[in-house]
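Below is one structure, written out as structure tokens, with a few remarks after it.
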There are 2 protein chains.
Amino acid sequence: MEDAVKKATDVREKVCEWRSPEQLKELLDLELRDGGESESKILQRCRDAIRYSVKTTHPHFFNQLYAGMEPYSLVASFIVEALKPSLYTYEVAPVFTLMEDAVLRKMIEMIGWEEGGDGIFNAGGSMSNMYAVNLARYHHFPDIKEAGLSAVPRLVMFTSQEVGLTGKFKGSFVLLSQSELLCVFFRGKMIPSALELLIKTAKSEGAVPFMVNATAGTTVLGAFDPIQEIADICEKYNLWLHVDACWGGAALMSNKHQHLLKGIHRANSVAWNPHKMLMACLQCSAFLVRDKTNLLQRCHSSSASYLFQQDKFYDVSYDTGDKSVQCSRKPDAFKFWLMWKALGTGELEERVDRALATARYLAEEIKRREGFRLVMEPEYANVCFWYSPPSLRNLPDGPELWKKLHTVAPVVKERMMKKGSMMVGYQPHRDKANFFRMIVISPQASRLDMDFVLDEIHNLGKDL
Amino acid sequence: MEDAVKKATDVREKVCEWRSPEQLKELLDLELRDGGESESKILQRCRDAIRYSVKTTHPHFFNQLYAGMEPYSLVASFIVEALKPSLYTYEVAPVFTLMEDAVLRKMIEMIGWEEGGDGIFNAGGSMSNMYAVNLARYHHFPDIKEAGLSAVPRLVMFTSQEVGLTGKFKGSFVLLSQSELLCVFFRGKMIPSALELLIKTAKSEGAVPFMVNATAGTTVLGAFDPIQEIADICEKYNLWLHVDACWGGAALMSNKHQHLLKGIHRANSVAWNPHKMLMACLQCSAFLVRDKTNLLQRCHSSSASYLFQQDKFYDVSYDTGDKSVQCSRKPDAFKFWLMWKALGTGELEERVDRALATARYLAEEIKRREGFRLVMEPEYANVCFWYSPPSLRNLPDGPELWKKLHTVAPVVKERMMKKGSMMVGYQPHRDKANFFRMIVISPQASRLDMDFVLDEIHNLGKDL
């Protein structure tokens, strides 16, 4: 625990101790054998596992849409692991069933669904988005559960191309194919007029539009689709509006920034992951739905007789298991409930504001420093930028420069991994050459850390 | 931790301290507010959460297909929670990526796929089964990813009606409707000749059979479908054979009992949850596939540019994220790896043998004791039985008796919950009146515990 909790979060330690797959296999002795091992040997194996793991809780880990260590949430995680509850029914998970309900109701309040709603914590944002497709389809075609997919017309849904992996509808369980998932072209976000045009075209070709997925906080750029205008179009064409706010939902906590999600109260469903910006422990992912007619349960129920007996001695409407597509389901809401209780909404709001102020500081520093260039002005906590080493700074803008710039980020990344000083992601994006993507999550990230990141990138790449 | 780990597993303590939803809401003060709370208050909230939770690790918890506390696995869980790794890529989860691979390879070896295979740990048995449907469909119709569901004929799959909630294909993401999911009638297990007949009928009606789901260890009765015969039929008709061995897979560990799954090496895919009989911490659920052509990745890849850059400095074939339908994915394999390493295959085998011997003892006791009656001879660790209080013992067999017997289990269950002495499930099953289902998982369950259960049921129900 000393190693995994304290050392891992110590800024003086390394973020990672890089080993290649081949080296690591040798170091770890992964083979499982007939005989067991002594306790001291197992303890050493735990130490090794910790040592060679990436410390995602380290103050210089900026590689994903989550980071840092929230101590209250961690305590809740430990309790959950020790008690091994699973949310089938009230009788096996009474405390956590009620806590999930309390958290969902509070999240629904923050979305602005004044008449309430329903929801379920689940195994991640992809699953939330798949719930949305399922509900939207079932809402439009309640017969689908009996008659099957072959009985419905060709359905199409619309999304911005900006959806990240959490929005990977394509080829996934929901099996919307490329011809059924239409992308709305954009510059960072969905363009409502283009959306309307696509809907009209699809209808004229005999397909049946049923859903729009708007993204609030895209994975790479942190962009927000204009929900208000999209909601107008969804109402006009009777389409289910789902908002993937897995990453951007946290802005709802902030009076200053909630305008980014203006109109979200008009959505039919929302995905929102407190394990991202709000730092609840992994996983903590909520799917929320405005419907009050028990659609979630009607769509997914299988009424297993060994769990959902109707002759129980308590109010079985508390049994949540039949809303879920999972059977065993962990009480992830508790990890959010406990920290929320400890910190209060006020502190959560401050954290979001602080993170976005720090991201803004970073963006200004990038504009100020030679060799750094923003990909776009950040709306949220994603700050995307290129770094040019001195050797490239005097080249004229053109394909030659971009081709060279494209090779810089991978080398800097390799060097930072091998040094273990920090982790920052990079990627190409459409026609754009490889750029860095910084993700700023408070309270762990300070202005000093931002300076450190830019200094370190320069140090690692200046000879290129 | 004292409360959640030591007291929870102490046989002298209660399994649960029952409160109704209304009482519990008052006790817990669930409301989330603007202001935070002091550390001492939060500590008290943790204590309360533990106190009113069901102790699934208690020696007298027999309510689900998992139970007990495996200390090595719990340590692994704590490490995972503290480090917050997520299995997108080798670079963010190097240790756990390799461990997952090692565990999958060993499980594949135990299934008997001599040429190897592939697999992925995921959020639960339902998800494994959905992976299977996806792969089977993609295997038969590789165009589906481009052309969509509307481009394929009416597909049908076959399963025994005995599939539990983990097999809830119907109405779930895969959206096989009632007309697309055909059940093979049975007495506890699938009848191969009935399966063949259904396949022929479906074909003659113009539908396209593509998959059979055989169950190894059903949820209620613990029955095993005859895999060998089903595999013959699948070969004959070119159908994907998936074996749902979430619960029964543990028998593969035992030389004595692996015959229950004879023929499993002929399956195309297998679901196997080490968090059930083998006591790895929740969740620990593996989907395994015999294919060696990267089908899992081909079917599910979305090639997100911000994760799966091809210009990385290491062998990117170690990046597992593109096989998954989830984005964030916890390293559940580690919870199994560490305990397996500590105990060795030998001890795991002994545990399975011990559990099945204890279940056998319980069955014999039931036959011996007045007022108890087996529903069927157990094949595995599920022991299903009725209890008749003395007042019913002299009634003639007939609808009147069964109607009365049906009401016994719910009352006994209510009383055991309120007393907190143990938890045993009950359910009706097809035409059978409510019966108890004991689930025996070693090493926590002893013969003394079996005697205790039968004594306690009698004590709680003798006046009915």
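Every read-out reported here was derived from the displayed coordinates using simple, explicitly stated rules and does not represent laboratory data. This one's a predicted model, so the numbers in the text were calculated from it and none came from an experiment. With ideal geometry, Cβ positions are generated from the backbone for all residues, glycine too; neighbour counts draw on all protein chains shown.
From Cα coordinates alone, what are the radius of gyration and Dmax values for region A:200-261 in angstrom?
Taking only Cα atoms of region A:200-261, I get Rg and Dmax of 13.7, 44 Å.
How many nm is it between the label spots at B:Glu235 and B:Asp311, if each spot is 7 Å from the Cα in line with the beta carbon?
Placing both labels 7 Å along Cα→Cβ, they lie 5.0 nm apart.
Tell me the net charge near B:Leu261. Cut-off is 12 Å between Cβ atoms, B:Leu261 excluded, with +1 for each Lys or Arg and -1 for each Asp or Glu.
-1
Go through A:Gly321, A:Ile366, A:Ala355 and say which Cα lies farthest out towards the positive end of the charge dipole of region A:305-385; charges sit on Cβ, +1 for Lys and Arg, -1 for Asp and Glu.
A:Ile366
Too long at a 18 Å Cα-Cα cut-off: which of A:Lys14/A:Lys55; B:Lys145/B:Lys203; B:Lys55/B:Lys367; A:Lys84/B:Lys256; A:Lys323/B:Lys418; A:Lys106/A:Lys341?
B:Lys145/B:Lys203; B:Lys55/B:Lys367; A:Lys84/B:Lys256; A:Lys323/B:Lys418
Sort shortest first the distances from B:Asp29 to its counterpart in every other copy, using label points 7 Å along the Cα-to-beta-carbon line, and give them in nm.
Copy-to-copy label distances for B:Asp29: 5.2 nm.
Given the peptides A:342-353, A:385-396, arrange them by the average over their residues of other C-beta atoms within 10 Å, most packed first.
Averaged packing, sorted descending, gives the order A:342-353, A:385-396.
Let me know the charge dipole size of chain B about its Cα centre in debye, to the nearest 20, where only the beta-carbon of Lys, Arg (+1) and Asp, Glu (-1) is charged.
That gives a dipole near 1020 debye.
Express in % the proportion of alpha carbon pairs of region B:243-315 at distances exceeding 14 Å.
So the portion of pairs separated by more than 14 Å is 70 percent.
Residue by residue through A:213-220, how many Cβ atoms from other chains fall within 10 Å of the Cβ on average?
The mean count of partner-chain Cβ atoms within 10 Å per residue comes to 1.
Answer with one residue from A:Ser20, B:Leu307, A:Tyr131: the one whose Cα lies farthest towards the positive end of the charge dipole of the protein assembly as shown, charges on Cβ with Lys, Arg +1 and Asp, Glu -1.
Working it through, the farthest residue towards the positive pole turns out to be A:Tyr131.
At 4 °C and 1.567 mPa s, grab the translational diffusion coefficient of region B:420-464 from Stokes-Einstein with a Kirkwood Rh over Cα pairs, rounded to a whole number in µm² per second.
Rounded to a whole number, D works out at 108 µm²/s.
Check each of the GluC sites (Glu not before Pro) in region B:114-152 and keep only those in coil by DSSP with at most 10 other C-beta atoms within 10 angstrom; list them in order.
Sparse-neighbourhood loop GluC sites (Glu not before Pro): B:Glu114, B:Glu115.
Distance between Cα centroids, region B:417-440 to region A:232-247: provide it in whole Å.
44
How much FRET efficiency would the formula 1/(1 + (r/R0)^6) give for A:Gln228 and B:Arg47, where r is the Cβ-Cβ distance and R0 is 60 Å, rounded to 0.05?
0.85
Just checking the output field for B:20-30: average partner chain Cβ neighbours within 10 Å of each residue's Cβ?
Across the residues of B:20-30, the mean count of other-chain Cβ atoms within 10 Å is 4.
With each pseudo-label sitting 7 Å past Cα toward Cβ, what's the A:Arg368-B:Asn394 distance in nm, one decimal?
My value for the distance between the label points is 9.6 nm.
Mind checking the dipole of the protein assembly as shown: about its Cα centre, +1 per Lys or Arg Cβ, -1 per Asp or Glu Cβ, Debye to the nearest 20?
Charge dipole, the protein assembly as shown, about its Cα centre: 260 debye, nearest 20.
Over the whole of B:85-94, what's the average partner chain Cβ count within 10 Å per residue? Rounded to a whole number, please.
For peptide B:85-94, the averaged partner shielding equals 6.
Pop the C-beta distance of B:Glu377 and B:Asp451 into the FRET formula with R0 = 22 Å and round what comes out to the nearest 0.05.
Approximately 0.65, to the nearest 0.05.
Can you bin every Cα-Cα distance in region B:50-129 into 10 Å intervals starting at zero and give me the percent of pairs per bin, rounded to whole numbers?
For region B:50-129, the binned pair fractions read 14, 32, 36, 16, 2 percent.
Place +1 on the Cβ of every Lys and Arg and -1 on the Cβ of every Asp and Glu in region B:25-89, take the dipole about the Cα centre, and give the residue among B:Gly35, B:Val54, B:Leu83 whose Cα lies farthest towards its positive end.
Farthest along the dipole direction, towards plus: B:Val54.
In Å, the Kirkwood hydrodynamic radius of the protein assembly as shown over pairs of distinct alpha carbons?
28.5
Express in % the proportion of alpha carbon pairs of chain B at distances exceeding 39 Å.
28
Take each of the peptides A:232-240, B:122-130, B:261-269, average the number of other beta-carbon atoms within 10 Å over its residues, and list them starting from the highest.
B:122-130, B:261-269, A:232-240
Assuming 0.36 nm per residue, please report the length gained on full extension of the stretch B:Lys7 to B:Lys404 beyond their Cα-Cα distance.
Taking 0.36 nm per residue and subtracting the Cα distance, the gain is 139.1 nm.
Which of the three applies to region A:385-461, rounded, prolate or oblate, going by the alpha-carbon gyration tensor with a ≥ b ≥ c and a/c under 1.5 meaning rounded?
Judged from the Cα gyration tensor, region A:385-461 comes out prolate (a/c at least 1.5, a/b above b/c).
Taking A:Ser317 in one copy and the same position in all the others, each labelled 7 Å out along Cα→Cβ, what are the pairwise distances from the first, in nm, shortest first?
Taking the point 7 Å beyond Cα along Cα→Cβ, the inter-copy spacings are 5.6 nm.
So how strong a dipole does region A:333-389 carry about its Cα centre when Lys and Arg Cβ are +1 and Asp and Glu Cβ are -1, to the nearest 20 debye?
Using Cβ point charges on Lys, Arg, Asp and Glu, region A:333-389 gives about 180 debye.
How compact and how long is region A:1-121, expressed as Rg and Dmax of its alpha-carbon atoms in Å?
Using the Cα atoms of region A:1-121, the pair Rg, Dmax is 20.0, 60 Å.
Tell me the mean residue ellipticity at 222 nm calculated for the protein assembly as shown from its helices only (DSSP H runs of n ≥ 4, each -39500 (n - 2.57), averaged over every residue, nearest 500).
About -12000 deg cm²/dmol.
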